[in-house]
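A quick write-up on the structure given underneath.
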Amino acid sequence: LGDVILIKPVLELLSKHEKNVNIWLVSSIKHKEIFEGIPNVNFIGVDLKLQHKSIFKLLRFINLETKGIDFDYLYDFHDVIRTKILRILLKSRFVEFKVIKKERLLKKKIIRKKISLKKLKHTTERYRECLSCHFPRILNIPLERSITKIVSSKKKIGIAPFAAHSSKIWPIENYHPIISKFKDFEFILFAFGEKEITAANKVIAEHKNCSLVSPNISIIEQMNLINEFDVFISMDSANMHLGCLTSTTVISIWGPTHYYLGFG
């Protein structure tokens, strides 16, 4: 999800400044809401777990959804085995294709300490560079926040204390002194799934100024809520990238991962 969120501001930029360009975006159906409302972006939602598990079912679905359309370019923003096969099988339908430069080998060398740590290009910039080979002017236009700031009458701080990998999670008990110190703020914790909710409720039980976000909140609703916060505290997670689409200041906490490697 994090990678997908990082594509959003780039497509918004392209759509705004290249109004004659029509885009078909293939991604998981659960990501559809993220891209709704972007002019000239047509979302093709796939279900990789059930309906389109095999590469040939996926290929058939894409061809059916784009039947009769003549494409100029294909951009592979993922560059994994599945997308490599797809771009070969779809080659006849496109004039040209471009692939994002992820520099995986360089990242591995840094992680294994074969070369010194250095700050790499942000993933969003990699997406933009991939598109700029055909739309060069987008390189010189600043990326914008997806939504403008909403000034709330209440003083609120959001906390997203969880991540997909347990090693990325700052121990949740560390938030007690923060919540206690800022008693005039309302704290809203982001927790989804039984395990996360149970852990978050242990914190909430000790603080009157603390509550839990609704478990049924959508991605867009999450963005709008984050946009109301004075500050949003997050792990290296999809929540962090979501917060960066808003106009709220994001404080990200990093553990074994490093923000220099393209995701800070």
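Candidates are the residues of the range 138-179 that are touching a residue at least 40 places away in the same chain (Cβ under 8 Å) and of a type in the set (S, T, N, Q); the one that is nearest to Ile5 (Cα to Cα) is Ser146.
Whether any residue in the range 34-43 is touching a Gly at 6+ places or on another chain (Cβ under 9 Å), free of Cβ contacts under 8 Å to residues at least 60 places away in the same chain and under 17 Å from Ser146 (Cβ atoms) is what I want to check. I'd like the intermediate steps shown before the answer.
We begin by selecting, within the range 34-43, every residue touching a Gly at 6+ places or on another chain (Cβ under 9 Å); these are none.
The answer is no, given that none of the residues of the range 34-43 is touching a Gly at 6+ places or on another chain (Cβ under 9 Å), free of Cβ contacts under 8 Å to residues at least 60 places away in the same chain and under 17 Å from Ser146 (Cβ atoms).
For the range 137-154, the criterion of being β-branched (Val, Ile, Thr) and under 20 Å from Pro256 (Cβ atoms) is satisfied by no residue at all. In the range 69-82, the qualifying residues are those that are touching a strand residue (DSSP E or B) at 6+ places or on another chain (Cβ under 6 Å) and either more than 18 Å from Glu96 (Cα to Cα) or open to solvent by less than 30 Å² (accessible area, probe 1.4 Å) (or both), and the one that is modelled with the highest pLDDT is Asp76.
Residue under question is Val41, and the condition is that it be more than 20 Å from the chain's Cα centre (by Cα), open to solvent by less than 30 Å² (accessible area, probe 1.4 Å) and of a type in the set (A, V, I, L, M); does it hold? No. Looking only at the range 80-117, residues that are in contact (Cβ under 8 Å) with a residue 24 or more places away in the chain, touching a helix residue (DSSP H, G or I) at 6+ places or on another chain (Cβ under 9 Å), farther than 13 Å from Gly262 by Cβ and of a type in the set (Val, Ile, Thr) come to 2 in all. Output yes when any residue across the range 147-161 is buried (at least 18 other Cβ atoms within 10 Å of the Cβ) and at pLDDT below 95, and no when none is. Checked against the condition, which is being buried (at least 18 other Cβ atoms within 10 Å of the Cβ) and at pLDDT below 95, the range 147-161 yields no hits at all. Against the numbered list (1) surrounded by 14 or more Cβ atoms within 10 Å (Cβ to Cβ); (2) in contact (Cβ under 8 Å) with a residue 12 or more places away in the chain, Asp184 comes up short only at (1). Of the residues screened, Ala200 is one that is over 17 Å from Leu1 (Cα atoms), of a type in the set (Gly, Ala, Ser) and open to solvent by less than 50 Å² (accessible area, probe 1.4 Å). Among residues of the range 9-31 being of a type in the set (D, E, K, R) and either more than 14 Å from the chain's Cα centre (by Cα) or at pLDDT 95 or above (or both), the one that is most open to solvent (accessible area, probe 1.4 Å) is Lys19.
Taking Val95 as the residue in question, decide whether it is of a type in the set (A, V, I, L, M), closer than 24 Å to Ile138 by Cβ and loosely packed, with under 14 Cβ neighbours inside 10 Å. Spell out how you get there, then give the answer.
Values: of a type in the set (A, V, I, L, M): yes; closer than 24 Å to Ile138 by Cβ: yes; loosely packed, with under 14 Cβ neighbours inside 10 Å: yes.
The answer is yes for Val95.
List the number of the failed condition for Thr66; all other conditions in (1) crowded, with 16+ Cβ neighbours inside 10 Å; (2) over 23 Å from the mean Cα position of the chain (by Cα); (3) at pLDDT below 95; (4) more than 30 Å from Tyr260 (Cα to Cα) hold. All conditions pass for Thr66, except number (3).
For the range 122-146, a residue qualifies if it is at pLDDT below 95, surrounded by 13 or more Cβ atoms within 10 Å (Cβ to Cβ) and assigned to a loop (DSSP other than H, G, I, E, B), and the qualifying residues are His122, Leu143, Glu144, Arg145, Ser146.
The values are calculated or read from the model by the stated rules, or taken from the named source; none is laboratory data. As the structure is a computational prediction, the values presented were derived from the model and not from experiment. Backbone-built Cβ (ideal geometry, glycine too); neighbour counts: all protein chains shown. Side chains are part of the model used for accessible areas, which takes the heavy atoms of the whole protein and leaves out ligands, DNA and RNA. Shrake-Rupley method; radii C 1.70, N 1.55, O 1.52, S 1.80 Å.
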